[in-house]
Amino acid sequence: MIGSAPPVDAPETEDKTRNRRVVQASEHVVEIVSDSGEGAQKCGQTFAAVSAKMGNGIWTVEIIPAEIQPPPRTPEGASGNRIRLGTGPVTNWGDETNLVVAFNEQVLLSRHRLGALAEDAIVLVEDLWATHDNPDIRAAWARAMEELGKRRYRIIPVPMEERCLTIDENPRKGKNMFALGLLASIYRRDLERIEEQIAYTFRKKSDDVFQRNVALMRLGYSWAEEHLDFVIDVPARPTTAPLVVMNGNEALGMGALASGMELCAMYPITPATSVSHYLAEVFERFGGVLHQAEDEIAAAGVAIGASYAGKVAFTITSGPGLALKTEFIGLAIMTETPLVVIDVQRGGPSTGLPTKVEQSDLLAALFAQPGDAPRIVLAPATIEECFHAVITARRLAETFRTVVIILSDANLATGVQPFPRPQLLEEWVAPEPDLSPATQRPYEWDARSGLSARTVPGQPGGMFTVTGLAHDENSKVAYSAGIHQRGTTMRSRKLAVLQQMLIPPRVNGDEQGGDLLVVGWGSTKGAIEESVARARAEGLAVSSLHLSFLSPLEPGLAEIFRRFRRVMTVEINYSDDPADPFITAENRRRGQLALLLRAQTLVDVDCWTRVPGEPLRPAAIHDALRSAIANLARRDVNLTSDTLRAGGLA
Amino acid sequence: MMELPCLAAGCAVDLDDERTLALGDYEGPTARWCPGCGDHSVLTAVERLLVAEQLRPEQTVFVSGIGCSSRFPHYLKTYGFHGIHGRALPVATGVKLHRPELNVFVVMGDGDCCSIGAAHWVHATRYNTRMVAMLLDNSIYGLTKKQTSPTTPRGLKTNTQPDGSYLPPLDPLSTTLGTTNVSFVAQTAEWMPAHLYATLRAAYHHHGFAFVRILQRCPMYTASIYERAVKDPGLIELLVHDDGIVVPELDRIYKNRVAHDPSNLDAARQLANPGERLRLGLFFRDEQRVCYDELRRPRKISAGERISLLNAELDKHAV
């Protein structure tokens, strides 16, 4: 038996049958890191899927290097998965890691140096490098151990390669399954389910491959059973309600299938592309065409051409692609051609951080067009909402004859989470285009709402030419200012109509008001709500509100904001820190949602934003909430002393 | 990829529809191009083609970009999509992929096709999606008032290159013929209406992406570029072949003729090189090339079938 220290907060009991101490935990964060190409992600995904199936809440994020094959044994090459495992639902990636399996000490160092690991983390690390033939590698190992030794990690060397070599001559390909076996033993995972999941993971490979992977997994399992003195029990709470588990990009793809859209045009771009990988596998069976266009611009054009000719079509992209599609999006808005644009946001500007999360496309999504180009913008906050967002977007695009942009992000794209299995409805599915003779003019705007029915090619009597030039109800090119004024008004009015149909957002916390209201959008919802719960448990009067619609904004915001002494957005985009040199209240650049809310509500909305290239941690948000409240208290003191001075009393 | 036979598709003539359509069924409002603009004669030839083929106006879509020539769809009574500069081909591809039964025509100028939209031109040629792509090439940006285009003759003075266009003009025929999976390339001229009409008709009947370059004069800015050839048939050379563009009434006037088998791509590439004379006719045609739109034609499914398929997908992700 090796080592002893369990995680701090854990009560212990004896597992009589195996003589291993059972560490009870309501949640645990585990990560598997390797060099790129060693399969740590497959290990993590399999472990997460099985955990979800056993009834644990999970949230998975990928640890992705920027290069396809970075040099081996380097901190920048760290690749893998991080799984937060809980008894109840898990809504975000959490804070620090409690247990890590590392395939070499360099990738482990990378996680250590990023501050990813808890002070008392359990570290299982391949020990091959300690006794390697190459003296440089031995020296690197020694230096790493010295650096890591300054923390209270519990380091457990594991002879992964040595054991794997007993059944596979290429251990680089097998360690991930060995690691899966370790985790299966530590977290008491159901081996039958693990084997089922391995079968699914390798469904495109031969039975041989499946058998070898199962054998490697069992080898890791046995090693852990024999050598580890602890197990970690994160009780599962199996539910009778059927659940599904997937990542956000798969959910977007499935939402597209449920929406009945039949054409997706795209150009490869990280982190959006895996939506199209999924669709490439299944879309044709659903009567769909996935068109990989020659560039981002053409992808938008093909989608618009298809939409114009029938059912609403969609395009998938990320920030740089959204920039390239700008002109076409303007055309779709001007011609009232419905279109769904999915933007899986990454860090920017320019090429930015291709694999990392950011929420910096908000203002571009709302305002990128020259001229007045009102469109609908939605932001799913969970994996489940990714599914429903596409169905909603298709319907809105059709009803309002406009562009709907869905803002997802890299966190949702690769995050894996179970959610209630959707009960599919036929009414979600786009109907066949009506090709009966047209009786309406091309833009027969309802004078109050701006809404109009569209005509599609094939309808006798409906022939007209759509144009991106200013036009009247007959789509005739207009040169008078009056006609342009009217067309612009009609296109804008549609957003007001939609805004009045929306339900006012729900306050998470105290509906009546309080000291601080945190406002968020998109993938930060879980982390924000968790940090608000912590703050409320400490007695702080903090609540939060999460927006799904960014254009139009949901109704009633100004009224809700007035019930709180301070309103602050939390976002993953840039804002100036008020304490930085040169920064004043006048020149401070604020978070994108904060800017929008200030303009729309005339409330002095503050912001706390960061661009760390990773999801926000609940603990970091919690700190920000506490200091915002502390600032309020300081302001009160100042106000009081000002009042006293003014009254000549101080 | 498995090669599917190119099915006859794209000619939407409804057999139950007993209407006989006349010119008036296709004519839109009076065209507002300058008097003497080559666009007028292309419009006339196209209207003649629509009548001859009895294409249903509601089943026919003209897609254009931006520029003088891109006003084209507005002057017809079919469906039209007047989009953005350089991007007519992606829009047309989207229309055809989603609604293969529609007749699709694309109208582009030289700036549209050969400059800002050049990427789409190369790829549309390779997709070989069934449509007629007309390049209305007057060698100048007219609508924005005389700027150099990729096909502007070297030395021609413009408002952006007042000392004369710096570079030799891009040759659209060679570029198209040099593209993988090219299947139809022809050249005609706006001042030869019989040849223009015969060429467009051959393009319409082509099974694939039919690229037609139409030589044009802009009466404002490039009125003189083809002046000598317009006056002297000796400066024109017709490509002739039984499988080519056959216009017997031109025989008397145009004596320079080159026998060219349009199935010969190497010879087509040779002939495309600009020479002493303007070469008009069918450079290349191959009906056996892969058509992207025909490879990408999934079956239709009902909403009910969709839901049961999606439930099976969800089963794979069930907890």
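The values are calculated or read from the model by the stated rules, or taken from the named source; none is laboratory data. As the structure is a computational prediction, the values presented were derived from the model and not from experiment. Reconstructed Cβ throughout: ideal geometry from the backbone, glycine too, with neighbour counts over all protein chains shown.
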- line: Checked the stretch A:586-608 for anything out of contact with any helix residue (DSSP H, G or I) (no Cβ under 8 Å at 6 or more places or on another chain) and buried (at least 22 other Cβ atoms within 10 Å of the Cβ); matches are A:Gly591, A:Ala594
statement: Note: among A:Arg138, A:Arg163, just one is part of a helix (DSSP H, G or I) and modelled with pLDDT under 95, namely A:Arg163
- prompt: Considering the stretch B:277-319 alone, what residues qualify as being assigned to a loop (DSSP other than H, G, I, E, B) and either more than 10 Å from chain A (Cβ to nearest Cβ) or touching a residue at least 24 places away in the same chain (Cβ under 8 Å) (or both)?
  reply: B:Arg277, B:Asp286, B:Glu287, B:Gln288, B:Arg289, B:Val290, B:Cys291, B:Arg296, B:Arg297
- line: Scanning the stretch A:57-78 residue by residue, those surrounded by 22 or more Cβ atoms within 10 Å (Cβ to Cβ) and either out of contact with any Lys or Arg (no Cβ under 8 Å at 6 or more places or on another chain) or more than 25 Å from A:Arg534 (Cβ to Cβ) (or both) turn out to be A:Ile63, A:Gly77, A:Ala78
task: Would you be able to tell me the number of residues in the stretch A:568-586 that are of a type in the set (A, V, I, L, M, F, W, C) and touching a Lys or Arg at 6+ places or on another chain (Cβ under 8 Å)?
output: 1
task: Just one of (1) facing chain B (nearest Cβ under 7 Å); (2) among the aliphatic types (A, V, I, L, M); (3) surrounded by fewer than 22 Cβ atoms within 10 Å (Cβ to Cβ) trips up A:Ile297, so point out which.
output: (3)
query: Just a yes or no: is a residue in the stretch B:143-153 of a type outside the set (A, V, I, L, M, F, W, C) and facing chain A (nearest Cβ under 8 Å)?
result: no
message: Could you list, ordered by first residue, the pairs with Cβ atoms under 7 Å in which the first is in the stretch B:45-57 and closer than 14 Å to B:Glu190 by Cα and the second is not aromatic (Phe, Trp, Tyr), at least 6 apart or interchain?
response: B:Ala45/B:Pro193; B:Ala45/B:Leu196; B:Ala45/B:Leu200; B:Val46/B:Leu200
message: Checking B:Arg99 against (1) within 14 Å of another protein chain (Cβ to nearest Cβ); (2) of a type in the set (D, E, K, R); (3) in contact (Cβ under 8 Å) with a residue 12 or more places away in the chain: exactly one of these is not met. Which one?
response: (3)
Of all residues in the stretch B:24-41 being in contact with an Asp or Glu (Cβ under 6 Å, 6 or more places away or on another chain) and in a helix (DSSP H, G or I), the one that is surrounded by the fewest Cβ atoms within 10 Å (Cβ to Cβ): B:Ser41
Residue identified as polar (S, T, N, Q) and touching a residue at least 40 places away in the same chain (Cβ under 8 Å) among A:Ser523, A:Ser543: A:Ser523
task: Six or more apart or on different chains, Cβ under 9 Å: which pairs go from a residue in the stretch A:444-463 that's within 14 Å of another protein chain (Cβ to nearest Cβ) and among the charged types (D, E, K, R) to one that's surrounded by 14 or more Cβ atoms within 10 Å (Cβ to Cβ) and part of a loop (DSSP other than H, G, I, E, B)? Could you list them?
output: A:Arg454/A:Glu336; A:Arg454/A:Thr337; A:Arg454/A:Pro338; A:Arg454/A:Arg401; A:Arg454/A:Gln440; A:Arg454/A:Pro442; A:Arg454/A:Tyr443
task: Among the residues of the stretch A:228-263, write down those that are more than 9 Å from every other protein chain (Cβ to nearest Cβ), part of a loop (DSSP other than H, G, I, E, B) and of a type in the set (Gly, Ala, Ser).
output: A:Ala236, A:Ala241
- prompt: Of all residues in the stretch B:57-75, which are outside any helix (DSSP H, G or I), at the interface with chain A (Cβ under 8 Å from one of its Cβ atoms) and not β-branched (Val, Ile, Thr)?
  reply: B:Phe62
task: For B:Ala186, work out the one condition from (1) buried (at least 17 other Cβ atoms within 10 Å of the Cβ); (2) over 18 Å from B:Arg130 (Cα atoms); (3) out of contact with any Pro (no Cβ under 8 Å at 6 or more places or on another chain); (4) small (Gly, Ala, Ser) it doesn't fulfil.
output: (2)
query: Can you tell which of B:Ala272, B:Ala312 is modelled with pLDDT of 95 or more and surrounded by 16 or more Cβ atoms within 10 Å (Cβ to Cβ)?
result: B:Ala272
message: Tally up the residues in the stretch A:474-483 that are more than 11 Å from chain B (Cβ to nearest Cβ) and surrounded by fewer than 17 Cβ atoms within 10 Å (Cβ to Cβ), please.
response: 5
Output for the stretch A:430-477, where each listed residue is closer than 30 Å to A:Glu250 by Cβ and either out of contact with any Ser or Thr (no Cβ under 9 Å at 6 or more places or on another chain) or not in a loop (DSSP other than H, G, I, E, B) (or both): A:Pro431, A:Glu432, A:Pro433
message: For the list (1) assigned to a loop (DSSP other than H, G, I, E, B); (2) without any contact (Cβ under 8 Å) to a residue 12 or more places away in the chain; (3) within 14 Å of another protein chain (Cβ to nearest Cβ), I need the number of the one condition that A:Glu427 fails.
response: (1)
query: Which of (1) touching a Gly at 6+ places or on another chain (Cβ under 9 Å); (2) small (Gly, Ala, Ser); (3) buried (at least 24 other Cβ atoms within 10 Å of the Cβ) is the odd one out, the single condition A:Ala430 does not satisfy?
result: (3)
- request: Go through the stretch B:252-266 residue by residue and tally those that are outside any loop (DSSP other than H, G, I, E, B) and surrounded by 12 or more Cβ atoms within 10 Å (Cβ to Cβ).
  value: 3
field: Matching residues in the stretch A:378-395 - criterion: being surrounded by fewer than 24 Cβ atoms within 10 Å (Cβ to Cβ) and either more than 20 Å from A:Glu530 (Cβ to Cβ) or of a type in the set (Gly, Ala, Ser) (or both)
entry: A:Ala381, A:His388, A:Thr392, A:Arg395
